[in-house]
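Okay, so here's the structure we're looking at.
The values are calculated or read from the model by the stated rules, or taken from the named source; none is laboratory data. All values reported here derive from a predicted model rather than from experimental measurement. Please note: Cβ atoms are built from the backbone with ideal geometry, for glycine as well, and neighbour counts cover all protein chains shown.
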There are 2 protein chains.
Amino acid sequence: MIYIISVDLKNPKPIYEQVRDGIKNLIIRGVLEPDEKIPSVREMAQNLAINPNTIQKAYRDLEVQGFVYQIPGKGTFVQSRTPGQNREKMEQLLTEVVERVRELIYLGVSKEEIKQVLDDL
Amino acid sequence: MIYIISVDLKNPKPIYEQVRDGIKNLIIRGVLEPDEKIPSVREMAQNLAINPNTIQKAYRDLEVQGFVYQIPGKGTFVQSRTPGQNREKMEQLLTEVVERVRELIYLGVSKEEIKQVLDDL
DNA sequence: CCATGTGTACTATACCTCATAGTACACATA
DNA sequence: TATGTGTACTATGAGGTATAGTACACATGG
């Protein structure tokens, strides 16, 4: 695995959240495939010059959210996708999207521009 | 002004952010009109049973973001909308929207469903 | 002029989260 | 058996959050 994850110590966003969301994005974009092994806690910590406890916290979050699974003695692996589950999470995400789209419209962006961006995904 | 703002002390989101985003949403949705006076720091604090300093921090944030303006001795008022400005902010919002839409698609929601939600705004 | 309400600024305290360092244990595998 | 792995603790320091309290300058109505 290539280490595309970037951590900015000046960012007010906690480090463990930056690591967590960075890996999450790699999984969502398909860069990391199901059952693929991701770097161990200590390896990732050394590579990013971050404390292992902080990486462990990020990995734990990813496991709770269902993006990875951890096997003691073996490692951490990408969890298979399970479409349709987590309706609560989907509604939460939709709420956050709507909130930001409303603000974008308030700032003068048209719905058509926004929908165009979504089409280009 | 009616106090539709709700504050949840059990929410890990800081109180001042809840107040800030609550008022911001009222402005974006048009519930509060330009140059309309919003409750004073002390009045809002007493009404929500929250420390005035916390309300002041929320109001300060709103002023920095351009949603309100404050006049010493008079009060806090809703700022007029300025479309097209803050390109940096618009790009930030778009990034956050895209990130969440990607996750929604990953969870099995189709683009059409998402665009339908936007149309219903 | 004066009392009231307003925004603003400052100190101090307590609590929680974040990040670090260090140590330790159980498991899997070559 | 040695190594790498996830996991679980303790302890410490830094920073953000929320509170309480005090104070000052300004605008307005009586």
Check your understanding: On the given criteria, is A:Gln56 in contact with a helix residue (DSSP H, G or I) (Cβ under 6 Å, 6 or more places away or on another chain) and not acidic (Asp, Glu)?
Key -> yes
Point to revise | Considering residues of segment A:67-83 that are facing chain B (nearest Cβ under 10 Å) and in contact with a helix residue (DSSP H, G or I) (Cβ under 9 Å, 6 or more places away or on another chain) only, the residue modelled with the highest pLDDT | key: A:Phe67
Exercise for review: State all residues of segment A:18-47 that are more than 13 Å from DNA strand D (Cβ to nearest atom) and either loosely packed, with under 15 Cβ neighbours inside 10 Å or among the hydroxyl-bearing types (Ser, Thr, Tyr) (or both); if no residue qualifies, say none.
Suggested key: A:Arg29, A:Gly30, A:Val31, A:Glu33, A:Pro34, A:Asp35
Check your understanding: Take the residues of segment A:100-118 that are more than 7 Å from chain B (Cβ to nearest Cβ) and more than 14 Å from B:Gly84 (Cβ to Cβ): which is surrounded by the most Cβ atoms within 10 Å (Cβ to Cβ)?
Key -> A:Gln116
**Study point:** Every pair of residues 6+ apart whose Cβ atoms lie under 6 Å, when the first sits in segment B:50-78 and is crowded, with 16+ Cβ neighbours inside 10 Å while the second is in a loop (DSSP other than H, G, I, E, B) and of a type in the set (S, T, N, Q)
**Key:** B:Phe67/B:Gln79; B:Val68/B:Gln79
